[in-house]
Amino acid sequence: MISIFLLVFGGSALAGSVKIVNQGDESLVETLGKYNGKKLEPGLNFIYPFIDNVVYKETIREKVLDVPPQVCITRDNVSITVDAVVYWRIMDMEKAYYKVEDLRQAMQNLVLTQIRSEMGKLDLDRTFTTRSEINETLLRELDIATDPWGVKVTRVELRDIMPSKTVHDSMEFQMSAERKKRTVILTSEGEP
């Protein structure tokens, strides 16, 4: 009876000490509830059963954060809807786990506030013409802001900038009026 107990207990301890980490992933290990810098790299790893505990396992590959559409107000008080995509990766697993509680949620909230801030600095016309400059500014500011979390923001892309329905309709009306004006000018210049 005791030998069966020892066999089962020893087998479970041995199985609990072997950890396999996939390529592109890393894991943090705490010893008796305290992190001492032990990280599991890709491949076969061994930990002390019942003493060591894998507390965080995450990929270090680049990830995509799809930012939902949000309403922003431009400097000239026009309401627009903006959505974006952010590419990022974890550079320091310790900071990503211990410096912020929910990394993905923190990233999303940070991106949303930065987009609102940048859109608030521009007039409506500039939001359409300076998209690449806005992307670069957002990239620079988000990368600085996420550095304490061990994150590197590699790319930011504004996918869509849509003015509100009333603004869109007035823009269509203005373009139509411009076309009619050009037609009248060209017709009057063509007549003898």
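The values are calculated or read from the model by the stated rules, or taken from the named source; none is laboratory data. For clarity, every value in this text was computed on a predicted model and none was experimentally measured. These area figures cover heavy atoms from the full protein model, side chains too; ligands, DNA and RNA do not enter into them. Shrake-Rupley method; radii C 1.70, N 1.55, O 1.52, S 1.80 Å.
Pairs exceeding 23 Å between alpha-carbon atoms, taken from 34/63; 19/39; 19/152; 99/152; 63/99: 34/63; 19/152.
Heavy-atom accessible area with a 1.4 Å probe sorts 75, 159, largest first, into 75, 159. Kirkwood-type hydrodynamic radius, the range 16-165: 17.2 Å, calculated from all non-identical alpha-carbon pairs. Applied to the range 76-92, the Karplus parametrisation 6.51 cos²θ - 1.76 cosθ + 1.60 on θ = phi - 60° returns per-residue 3J(HN,Hα) values of 8, 6, 9, 7, 10, 10, 10, 10, 9, 10, 10, 9, 8, 8, 7, 9, 10 Hz, with x for Gly and Pro.
Phi angles across the range 103-111 convert, under the Karplus curve 6.51 cos²θ - 1.76 cosθ + 1.60 with θ = phi - 60°, into 3J(HN,Hα) values of 4, 4, 5, 5, 4, 4, 5, 5, 5 Hz, Gly and Pro given as x. Overall, the accessible surface of the range 17-106 at a probe of 1.4 angstrom is composed of carbon and sulfur to the extent of 50 percent.
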